[in-house]
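*Asks:* Quick one: this structure, given as structure tokens, is what I'll be asking you about.
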Amino acid sequence: MQKLALSFLTATSLAVAGVANAHPSRPLPSAIGYEPKDEDERGLWLQMDEFERNLKQSKLLIRDPELNQYVHSVLCNTVGSDRCNAARIYIIRTPYFNASMAPNGVMMVWSGLLLRMRNEAELASVLGHEFGHFEKQHSLQSFRDIRAKSDAAAWLSLVPGAGMFASFSLLGSALRFNREMEREADLISLDYLAESGYDPMAASNIWEQLRAEMDAQAKARKQRSMKDVGNSLWSTHPSTKERMEYLREAAEEMGSEGKRKGEAEFRAAMQKWWPKLVDDQIKLNDFGSTEFLLGQLASDGWTGRLLFARGELYRARAKKDDMTKAVGFYRQAAAKSDAPAETWRGLGVALMRLGKQADGRAALRKYLQKKPDASDRAMIGLMAREK
């Protein structure tokens with residue numbers, strides 16, 4: 001629960017925002033050709049430029065041209081094609097909900113966020129929120145506030161030499177926006193959605209889903225849900241309930257009937273990556289959140305890939321009756337045309353753990369038949385007693 005809540009916090013507080021939007025009544029210089037105006041801004045930009053140089057070398061980057069182009073196109077659809085090219089998008093492969101934008105035009109989108117989005121409008125809402133922060137120069141205001149209260153220069157000196165995740169944490173703790181800034185960026189994002197034809201209700205829907213995930217996570221851990229519990233980390237942010245409600249109220253006034261959600265487009269763009277991102281999520285050992293997310297992805301029906309992932313989730317937890325349930329999910333997956341070859345590997349291992357050695361070895365041999373070039377062939381071959 002704590003990890004999930006922290007990821008929600010950094011989704012907004014880490015947003016060291018970036019570029020002016022395309023709204024004609026709110027002009028600001030874009031990152032292209034724009035020069036910082038004073039010492040504070042120049043220092044912040046220099047550090048973010050160094051951060052970007054390190055980011056480009058990160059092994060966490062998803063460099064898939066098609067996925068990157070798709071996310072960039074959603075940004076352009078949201079804020080306007082005349083401004084979006086000022087942003088340089090980096091998709092970070094880490095399974096937490098997060099997005100941010102730096103004052104030099106660097107936008108970071110974490111893969112855990114993509115996994116939690118259900119349509120293009122929701123993604124547009126997050127991207128619009130980050131642009132809203134920069135439009136109002138919230139990052140510069142926050143940085144100046146830090147300088148008035150502490151030695152921000154000492155903090156900045158830590159960033160280039162820190163690890164990638166440590167750098168993110170430093171940025172999040174230092175450039176924390178207040179409630180007014182967050183609300184302002186939220187409402188600017190709604191303007192973007194309305195002007196670009198996206199459903200403005202998507203912004204509220206995101207928070208509704210995140211709150212439901214927090215409930216599912218807490219239930220699995222037999223803990224109290226933190227969705228409505230305030231603490232010092234959230235003291236500068238509107239509560240999740242507050243955000244959900246004022247975004248919904250504003251969207252209702254704008255009207256969402258007939259507005260575009262872009263569900264089919266988003267599913268098509270994410271189809272190749274969903275199995276990998278689900279696997280990353282499973283490895284978090286966060287059963288409640290993962291089961292909830294799989295259910296969300298299966299809203300139109302359980303596919304072979306999703307049933308395989310569910311089998312993997314239960315097999316990994318391995319509590320009472322979990323292995324039997326895993327076998328059931330693997331068998332359901334195997335009956336689907338899109339079941340990955342790994343379905344039979346998971347089935348074989350689960351059956352063997354249930355003491356069904358012969359059936360388990362048969363499933364493992366089928367896995368090797370379906371995937372003769374498997375990287376784990378030697379080990380699985382031994383388990384299957386392959387001749």
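The values are calculated or read from the model by the stated rules, or taken from the named source; none is laboratory data. Just so it is clear, the structure is predicted and the values come from calculations on it, not from any experiment. Reconstructed Cβ throughout: ideal geometry from the backbone, glycine too, with neighbour counts over all protein chains shown.
*Asks:* So which of ARG310, ARG315 ends up being buried (at least 23 other Cβ atoms within 10 Å of the Cβ), part of a helix (DSSP H, G or I) and basic (Lys, Arg)? I'd like the intermediate steps shown before the answer.
*Replies:* Details: ARG315 fails: buried (at least 23 other Cβ atoms within 10 Å of the Cβ).
After applying the criteria, what remains is ARG310.
*Asks:* Then there's this: Those residues that are at pLDDT 95 or above and charged (D, E, K, R), I need them from region 108-134; list them, please.
*Replies:* Answer for region 108-134, where residues must be at pLDDT 95 or above and charged (D, E, K, R): ARG116, ARG118, GLU120, GLU122.
*Asks:* Can I ask one more? Six or more apart or on different chains, Cβ atoms under 7 Å: show the pairs whose first residue is in region 27-51 and assigned to a loop (DSSP other than H, G, I, E, B) and surrounded by fewer than 18 Cβ atoms within 10 Å (Cβ to Cβ) and whose second is modelled with pLDDT of 70 or more and of a type in the set (Lys, Arg).
*Replies:* PRO36/ARG42
*Asks:* Which residue, of LEU170, LEU187, is at pLDDT 50 or above, assigned by TED's automatic domain parsing to the domain that holds MET101 and assigned to a helix (DSSP H, G or I)? Quick ask: steps written out before the conclusion?
*Replies:* Numbers: LEU170 fails: at pLDDT 50 or above.
Within the list LEU170, LEU187, the selection yields LEU187.
*Asks:* What is the one condition in (1) in the same structural domain as LEU114 (by TED's automatic domain parsing); (2) surrounded by fewer than 16 Cβ atoms within 10 Å (Cβ to Cβ); (3) among the charged types (D, E, K, R); (4) over 19 Å from TYR96 (Cβ atoms) that GLU195 does not satisfy?
*Replies:* If we test GLU195 against (1) in the same structural domain as LEU114 (by TED's automatic domain parsing); (2) surrounded by fewer than 16 Cβ atoms within 10 Å (Cβ to Cβ); (3) among the charged types (D, E, K, R); (4) over 19 Å from TYR96 (Cβ atoms), just (2) comes out false.
*Asks:* Taking GLY288 as the residue in question, decide whether it is at pLDDT 95 or above and surrounded by 18 or more Cβ atoms within 10 Å (Cβ to Cβ). Can you show your working first?
*Replies:* Working: at pLDDT 95 or above: yes; surrounded by 18 or more Cβ atoms within 10 Å (Cβ to Cβ): yes.
Yes: the conditions hold for GLY288.
*Asks:* Criterion first (within 25 Å of LYS319 (Cβ to Cβ) and assigned by TED's automatic domain parsing to the domain that holds THR303) does ARG377 satisfy it? Give the steps one after another, and end with the answer.
*Replies:* On the way: within 25 Å of LYS319 (Cβ to Cβ): no; assigned by TED's automatic domain parsing to the domain that holds THR303: yes.
It is false that ARG377 is within 25 Å of LYS319 (Cβ to Cβ) and assigned by TED's automatic domain parsing to the domain that holds THR303.
*Asks:* Looking at LEU313, LEU297, LEU306, can you tell me which residue is under 22 Å from GLY355 (Cβ atoms) and under 20 Å from the mean Cα position of the chain (by Cα)? So that I can check it myself, show each step before the final result.
*Replies:* On the way: LEU297 fails: under 22 Å from GLY355 (Cβ atoms); LEU306 fails: under 22 Å from GLY355 (Cβ atoms).
Result: LEU313 is the single residue among LEU313, LEU297, LEU306 that is under 22 Å from GLY355 (Cβ atoms) and under 20 Å from the mean Cα position of the chain (by Cα).
*Asks:* Give region 52-93 a look and list any residue that's in contact with a helix residue (DSSP H, G or I) (Cβ under 7 Å, 6 or more places away or on another chain) and not in a helix (DSSP H, G or I), or say none.
*Replies:* Passing the criteria: SER58, LEU60, ILE62, ALA87, ILE89, TYR90, ILE91, ILE92, ARG93.
*Asks:* Here's a check for you: in region 81-93, which residue that is surrounded by fewer than 18 Cβ atoms within 10 Å (Cβ to Cβ) and either within 18 Å of the chain's Cα centre (by Cα) or free of Cβ contacts under 8 Å to residues at least 60 places away in the same chain (or both) is nearest to LEU113 (Cα to Cα)?
*Replies:* Taking the candidates together, the pick is ASN85.
*Asks:* Still on this structure: Could you say which residue among GLY346, GLY381 is modelled with pLDDT under 95 and in a helix (DSSP H, G or I)?
*Replies:* Numbers: GLY346 fails: modelled with pLDDT under 95.
Within the list GLY346, GLY381, the selection yields GLY381.
*Asks:* Output the qualifying pairs, or none if there are none: Cβ atoms under 8 angstrom, residues six or more apart or on different chains, first residue in region 196-209 and closer than 14 Å to ARG260 by Cα and touching a residue at least 60 places away in the same chain (Cβ under 8 Å), second residue surrounded by 23 or more Cβ atoms within 10 Å (Cβ to Cβ) and among the aromatic types (Phe, Trp, Tyr).
*Replies:* Partner pairs satisfying both residue conditions: TYR198/TYR192.
The rows are residues; the columns are (1) surrounded by 15 or more Cβ atoms within 10 Å (Cβ to Cβ); (2) not assigned by TED's automatic domain parsing to the domain that holds GLY197.
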residue: ALA250; (1), (2): yes, no
residue: LYS261; (1), (2): yes, yes
residue: GLU265; (1), (2): yes, yes
residue: LYS276; (1), (2): no, yes
residue: LEU294; (1), (2): yes, yes
